[in-house]
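Taken together, the values in this text are just the output of simple stated rules run on the coordinates, not laboratory data. These numbers were taken from a predicted model, which means no experiment stands behind them. So basically every Cβ, Gly included, is an ideal-geometry build from the backbone, and we count neighbours across all protein chains shown.
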Amino acid sequence: MARSPEEIFTGIGGQPNSCSLNEYCSWARHLRSIASCRFLVFGVGRDSVAWREVNLGNPTLFLENNKDWISKIAAEIGQEHIRSVRYEQSYEDWEKVSFSADRVVSPAMDNPPFDGSWDCAFVDAPWGPTFGRHQSTHAATLAVKPGGLIAIHDCEREREQTVCRVLLEGRGYNLLEEVERLRIYQAPR
Ligand SMILES: C[S@@+](CC[C@H](N)C(=O)[O-])C[C@H]1O[C@@H](n2cnc3c(N)ncnc32)[C@H](O)[C@@H]1O
């Protein structure tokens, strides 16, 4: 029998740089409610194995910019589940164009999967409070289907709040749920 989100994420939730158990379980329940869920994840980490288990039997693809983290997590889940991306527009560069939604640059990669075919996307990268997640969030909006879900973590930070306001709310996304530092939005249909 499939393990519950609580069983899967106990021991992972609440660790440094991770989501809390509550945040993980809330998002996992949304994923589990979608049949044949196609799940795109920005960022790998100690939770990558867990996300594959939550979405077992369905496609889960991870996008990551840090080569060391790609190697580390590829050893756990297989290289074929992780694709390399580059974030080339700094948050400061986006600020210089007045946080314009039309001026965000998609992350650079071969054959980008930002094709409107994904049911859910999780924006938990790139790392750190200094970069900002405008590029990954923008790519997530291109990636998900109408009515698809995007969760973004670390929304206690001003930069992530700006990203949500401009790139999600400004594009008609509806805030479905807010759990601690995690926000879950639904794309317009
Ligand atoms: C906020 S971390 C995401 C951490 C991940 N969700 C986890 O459970 O560990 C975002 C980025 O930091 C790097 N990273 C992953 N795990 C990390 C960790 N435990 N500590 C520091 N950086 C990590 C990766 O480059 C990842 O894309």
Discussion item. Which residue fluctuates most in the GNM of the chain (Cα springs below 10 Å): Pro16, Pro112, Pro146?
Written reply: Pro16
Worksheet item: For the residues Phe99, Phe122, what sequence is obtained by ranking on other C-beta atoms within 10 Å, fewest first?
Response: Phe99, Phe122
Worksheet item: So what are the ³J(HN,Hα) numbers for segment 160-175, from phi and the Karplus equation (6.51, -1.76, 1.60; θ = phi - 60°), rounded to whole Hz, Gly and Pro as x?
Response: 5, 5, 5, 4, 5, 5, 7, 8, 10, 4, x, 9, x, 6, 9, 6
Item to complete: Measure nothing but the geometry: give the 0 to 90° angle between the long axis through the Cα atoms of 134-143 and the longest principal axis through the Cα atoms of the chain, rounded to 10°.
Response: 70 degrees
Worksheet, complete the sentence: Dipole check, segment 5-186, charges on Cβ (K,R +1; D,E -1), about Cα centroid: among Phe9, Ala35, Cys164 the Cα furthest to the positive pole belongs to Ala35
Worksheet item: Assuming a viscosity of 1.306 mPa s and a temperature of 10 °C, what translational diffusion coefficient in µm² per second does Stokes-Einstein assign to the chain, Rh being the Kirkwood radius over Cα pairs?
Response: 97 µm²/s
Worksheet item: How much net charge surrounds Ala125 when only other residues with a Cβ under 15 Å from its Cβ are counted (Lys, Arg +1; Asp, Glu -1)?
Response: +2
Worksheet entry | Positive-end extreme of charge dipole, segment 5-186 - chosen from Ser90, Pro59, Gly128 (charges on Cβ) | Pro59
Worksheet item: Under a point-charge model restricted to the Cβ atoms of Lys and Arg (+1) and Asp and Glu (-1), what is the dipole moment magnitude of segment 5-186 relative to its Cα centre, in debye to the nearest 20?
Response: 280 debye
Practice prompt. Please work out how much length the chain gains when fully extended from Asn174 to Asn58, using 0.36 nm per residue of separation minus the C-alpha to C-alpha distance, in nm with one decimal.
Written response: 39.2 nm
Discussion item. As an exercise, identify the GluC sites (Glu not before Pro) in segment 81-118 lying in DSSP coil whose Cβ has no more than 16 other Cβ atoms within 10 Å.
Written reply: Glu88
Practice prompt. Take every DSSP beta bridge with both residues inside the chain and express the antiparallel ones as a percent of the total, to the nearest 5.
Written response: 40 percent
Item to complete: For Lys96, go through the aspartates and glutamates and keep the ones whose alpha-carbon is under 18 Å away, minus same-chain ones fewer than eight residues off.
Response: Glu88, Glu158, Glu160
Worksheet item: Where in segment 68-94 does the amide nitrogen come within less than 20 Å of the point 7 Å from the Cα of Gln161, taken along Cα to Cβ?
Response: 91-92, 94
Worksheet item: Which net charge results when you count Lys and Arg as +1 and Asp and Glu as -1 among the other residues whose beta-carbon is under 9 Å from that of Met109?
Response: +1
